[in-house]
1. Going by what's in this entry, would residue 259 be described as closer than 29 Å to residue 72 by Cβ, part of a strand (DSSP E or B) and free of Cβ contacts under 8 Å to residues at least 24 places away in the same chain?
2. How many residues, within segment 1-30, are over 20 Å from the mean Cα position of the chain (by Cα) and free of Cβ contacts under 8 Å to residues at least 24 places away in the same chain?
3. Filtering segment 206-250 down to residues that are farther than 18 Å from residue 188 by Cβ and not in a loop (DSSP other than H, G, I, E, B), which residue is nearest to the chain's Cα centre (by Cα)?
4. What number of residues within segment 52-97 are closer than 21 Å to residue 24 by Cβ and loosely packed, with under 11 Cβ neighbours inside 10 Å?
5. So residue 33 passes all but one of these: (1) within 30 Å of residue 80 (Cα to Cα); (2) under 21 Å from the mean Cα position of the chain (by Cα); (3) modelled with pLDDT under 90. Which condition number does it fail?
6. Within segment 147-157, take every residue that is in contact with a helix residue (DSSP H, G or I) (Cβ under 8 Å, 6 or more places away or on another chain) and surrounded by fewer than 17 Cβ atoms within 10 Å (Cβ to Cβ) and give me the one that is modelled with the highest pLDDT.
7. Scan segment 186-193 and tell me whether some residue there is in the same structural domain as residue 142 (by TED's automatic domain parsing), buried (at least 16 other Cβ atoms within 10 Å of the Cβ), touching a strand residue (DSSP E or B) at 6+ places or on another chain (Cβ under 9 Å) and under 30 Å from residue 155 (Cα atoms).
8. What number of residues in segment 159-181 are more than 30 Å from the chain's Cα centre (by Cα), farther than 26 Å from residue 221 by Cα and loosely packed, with under 14 Cβ neighbours inside 10 Å?
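The values are calculated or read from the model by the stated rules, or taken from the named source; none is laboratory data. Being a predicted model, the structure only gives us computed values, none of them experimental. Here the Cβ positions follow ideal geometry from the backbone for every residue, glycine too, while neighbour counts run over all protein chains shown.
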């Protein structure tokens, strides 16, 4: 959602805009988005009004200050000494009422924000269409694949799939690849292919349920690539959600981890508010319930078990 705003999308056109709801008692939603550009750290403050079933930006400004070597993940959010460099004006007729002034900032700074959103493939695992796929990625997930190429012929996409020692297969629908490739291979080609592109430029890769279709070692490899400065020299960022607490062992800093819980309402809590030391056993603490538990309750488990037993026993 926030990346879409930063990439000049109109709020009402963003697919997930409904998650904003109707806001507070005044039907207002407030964004405070912090982003770094070269040697400056910036705050985009946006107030959105919900009325007549649409969203309108009613107040907005950007503050900026110099990025300091002493900045950490606490004081980097301090803008008390920052300067307001841009403010939304009512007479800006060229700016639609649901598009952020970030468009003007990016134009003035001649900058852009690169991100790859993979949320849509969480439940639909289909290969992203490319002209060709890196052999190193193909071999990592399936050593028998010799190549996968695509070509446009008479306005239609044709896929060429070749396994070592076999004849080339010609396919006319990406969905047909699911017959020949495992779900893990398809997701792996998608994820690692996009990651490699981001390693070349910097940017953000967003994945929901990272562990889906992957074994532990593949997930570990992806995380290690993002933390290796030789592989990732431009500081690309991996943002992911997971249900597997075991993956916490790969994240050194507690302030990089957030716990999402749904108790009456959805809450997001930084792990460092519950665990002060980075060297504490995060996996064990999570499993024991010390730092939160997103698994179904024991009472819900018993109720489900009883209902299944009752259904099985009463079946004629």
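1. Taking the combined requirement at face value, the residue does not satisfy it.
2. Residues flagged as over 20 Å from the mean Cα position of the chain (by Cα) and free of Cβ contacts under 8 Å to residues at least 24 places away in the same chain within segment 1-30 amount to 4.
3. Top of the filtered list is 239.
4. 2
5. That leaves (3) as the condition not met.
6. 147
7. Yes, because at least one residue in segment 186-193 is in the same structural domain as residue 142 (by TED's automatic domain parsing), buried (at least 16 other Cβ atoms within 10 Å of the Cβ), touching a strand residue (DSSP E or B) at 6+ places or on another chain (Cβ under 9 Å) and under 30 Å from residue 155 (Cα atoms).
8. The total comes to 6.
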